[in-house]
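What follows draws every value from the coordinates through simple rules; no lab data is involved. This one's a predicted model, so the numbers in the text were calculated from it and none came from an experiment. Cβ sites come from the backbone with ideal geometry, for glycine too, and all protein chains shown count toward neighbours.
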Amino acid sequence: MEQGIYPTDQARRMAQEQNLDLVEISPTAVPPVCRVIDYSKFKYEQKKKTRELKAKQTKVVIKEIRFGPNTDDHDFAFKLKHAQEFLREGAKIKAYVHFVGRSIVFKERGEILLLKFAQALEDLGKVEQLPKLEGKRMFLYLAPKAAVVPVKKPAPAPAKDAPKEAKPAAAPAEKAAE
């Protein structure tokens, strides 16, 4: 079939002769652009393209880490270790200090804590937003550095093929002796 400008009736007839469909591709063009194709195949290919595009998109994961204004060194180190794992996996981090009750008086402690946290992670991530107080929380946002490649967690080791030995049931004679 040759490309060209055809009257609507003739284009429909050509499509029917080939047992195909006349599909309007661009209705806003003058004259409107149509194709003689198998419509179900066309829809399938469109869905396939959108699925491929969706699969290629990267989903941004944001992990939250919560501190108190009086967070101890051991707790800080524990949360720092988790944050390092998150950044290695390619996730963003939202670290915040939650001020409860009168602890809002210690805003400086919260800011120092978050800056210390950011400094400890500067080799793996970069600060997107410096500590900022919103209500009773002070936030800090970190993003992984561009060189960091997302790492998938390894699958757990498969169980051994040999079945585990079951505990032998007590013999009825032993139960009667008791």
Requested in this report: Calculate, for Val30 and Thr58, the FRET efficiency according to 1/(1 + (r/R0)^6) with r their C-beta to C-beta distance and R0 45 Å; round to the nearest 0.05.
Outcome: 0.70
Query raised in the report: Which of the trypsin sites (Lys or Arg not before Pro) found in the stretch 1-76 are loop residues per DSSP with 13 or fewer other Cβ atoms within 10 Å of their Cβ?
Result: Lys59
**Report entry** Length gained when the stretch Val100-Glu122 is fully extended (0.36 nm per residue, less Cα-Cα span)
**Finding:** 5.1 nm
Query raised in the report: Of Lys54/Lys116; Lys54/Lys145; Lys49/Lys126, which pairs sit farther than 26 Å apart, going by alpha carbon to alpha carbon?
Result: Lys54/Lys116; Lys49/Lys126
